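J.: Starting off with a structure, shown below.
Every read-out reported here was derived from the displayed coordinates using simple, explicitly stated rules and does not represent laboratory data. What you see is a predicted model; the values in this text were computed from it and never measured. Here the Cβ is made from the backbone with ideal geometry for all residues, glycine too, and neighbour counts use every protein chain on show.
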Amino acid sequence: MKKIVAISGALSTLFFLIHLIVACIYYAGIMPYGYIHMTIGGILSIVMSVHMLSAIFLMVKNRQRDKQAKQYPQLNMGTVIQSVTGIFTGIFLLVHILVIELSKRIDGTMFNIIYVSAEFLFLLTVGLHMAISVPKLFISMGVIKKRENYPLFIRGTYVFLALVLVMYMGSQIMFWAA
């Protein structure tokens with residue numbers, strides 16, 4: 001089950017970044033909204049669903065084994081944040097899809113503000129989840145082998161995700177302001 005969570009998490013991260021790049025290209029006006037965006041988003045939704053369901057199953061299984069969850073106290077806060085942001089990612093994924101569908105039917109400044117706000121909260125939640133998950137994933141995959149490299153990798157992950165968030169939100173704000 002851990003392998004399913006890790007592989008689906010890695011695939012979710014990859015498809016999320018591809019989906020985000022395609023969205024930025026759309027918001028920049030380089031290409032129209034089309035099937036490639038919807039297809040990548042659909043694949044991402046399926047992979048994320050597999051990731052979420054298997055992670056929830058694994059979390060329940062681990063809680064049953066260690067009822068007080070004191071086995072790894074230094075990881076507890078990160079694990080709690082990872083779990084909470086994972087749950088909210090699922091909720092915001094549904095809001096993301098709903099807002100996109102509504103944007104095809106509703107127009108106006110107030111809706112645009114709601115749209116951008118919902119997207120920002122979704123990306124912030126995904127970013128927080130990935131900021132904790134990606135370094136753990138790289139440890140699991142054996143990419144990070146030395147303990148002293150872990151804090152440096154975490155900082156690099158934060159910077160990368162912040163840049164992605166700024167890039168996406170900037171392109172979206174420019175799109176809706178035009």
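J.: Using Cα pairs closer than 8 Å and at least 6 residues apart in sequence, work out the relative contact order for the chain, in percent.
T.: Relative CO of the chain lands at 28 percent.
J.: Any idea how many Lys pairs in the chain come in under 14 angstrom at the alpha carbon, given 8 or more places apart or on separate chains?
T.: Lysine pairs satisfying the spacing and distance rule in the chain number 5.
J.: Nearest 10 degrees, 0 to 90: what angle lies between the long axis of helix 149-177 and the longest principal axis of the chain (Cα atoms)?
T.: 20
J.: Of (i) 71; (ii) 61; (iii) 56, which one was derived for percent of Cα pairs over 19 Å apart from the structure shown?
T.: (ii)
J.: Which stretch or stretches of segment 89-109 have amide N atoms under 15 Å from the point lying 7 Å from Tyr33's Cα along the Cα→Cβ direction?
T.: The answer is 95-109.
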